[in-house]
Amino acid sequence: QVQLVESGGGLVQPGGSLRLSCTASGNLFRVFTMTWYRQAPGKQRELVASITPGGSPNYADSVKGRFSISRDNAKNTMYLQMNSLKPEDTAVYYCNRPLAPTWPWGQGTQVTVSS
């Protein structure tokens, strides 16, 4: 069973930057498209960005031009570089494959953008 561990969140002022990491156990990570999601309080989980096994990215309109997704298949790790952060980016960020059934969800990493 794949285990996902997200890290790198924190408190940052508007306009600041953070880099999130998602590490997967096992040998399946490199085979699948992977996705960053986020869930703000009282809202449904939403897709932020995804990346194919070969590294082709796709972004939600709300983060285009500010966030950058990447992956290192040798390290079973995916990244999300978040720049020009806004208060509306505040959420718990999760990673998973978009294919059903998803792998068990990790604990997520909290990102809070506030002055």
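The values are calculated or read from the model by the stated rules, or taken from the named source; none is laboratory data. None of these values were measured; they are calculated from a predicted model. Backbone-built Cβ (ideal geometry, glycine too); neighbour counts: all protein chains shown. For the accessible areas, the whole protein counts, side chains as well, though only heavy atoms, and no ligand, DNA or RNA atoms are used. Shrake-Rupley method; radii C 1.70, N 1.55, O 1.52, S 1.80 Å.
A few comments on the model shown:
- Each label was represented as a point 7 Å from its Cα along the Cα-to-Cβ direction; for residue 31 and residue 84 these points are 3.8 nm apart.
- Under the criterion of Cα pairs below 8 Å and six or more residues apart, the relative contact order for segment 1-40 equals 41 percent.
- Among residues other than residue 95 with Cβ under 11 Å from its Cβ, the summed charge is +2 (Lys and Arg +1, Asp and Glu -1).
- Heavy-atom accessible area per residue - the chain, 1.4 Å, Å²: 51 Å²
- Within segment 80-110: backbone nitrogen closer than 20 Å to the residue 58 label point (7 Å, Cα to C-beta): 80-81, 94-103
- Of the peptides 71-83, 8-20, the ranking by mean beta-carbon count within 10 Å, highest at the top, reads 71-83, 8-20.
- Values of log10 I(q)/I(0) for the chain across q = 0.13, 0.17, 0.23 Å⁻¹ run -0.44, -0.75, -1.36, by the Debye formula with one identical scatterer at each alpha carbon and no solvent.
- Relative contact order (%) - the chain, alpha-carbon pairs under 8 angstrom, separation at least six: 38 percent
- Apportionment of accessible area to carbon and sulfur, segment 62-113, percent (1.4 Å): 53 percent
- Converting phi to 3J(HN,Hα) with the Karplus coefficients 6.51, -1.76 and 1.60 and the offset θ = phi - 60°, segment 20-35 yields 8, 10, 9, 10, 10, 7, x, 10, 8, 3, 5, 8, 10, 4, 10, 9 Hz in sequence order, with x at every glycine or proline.
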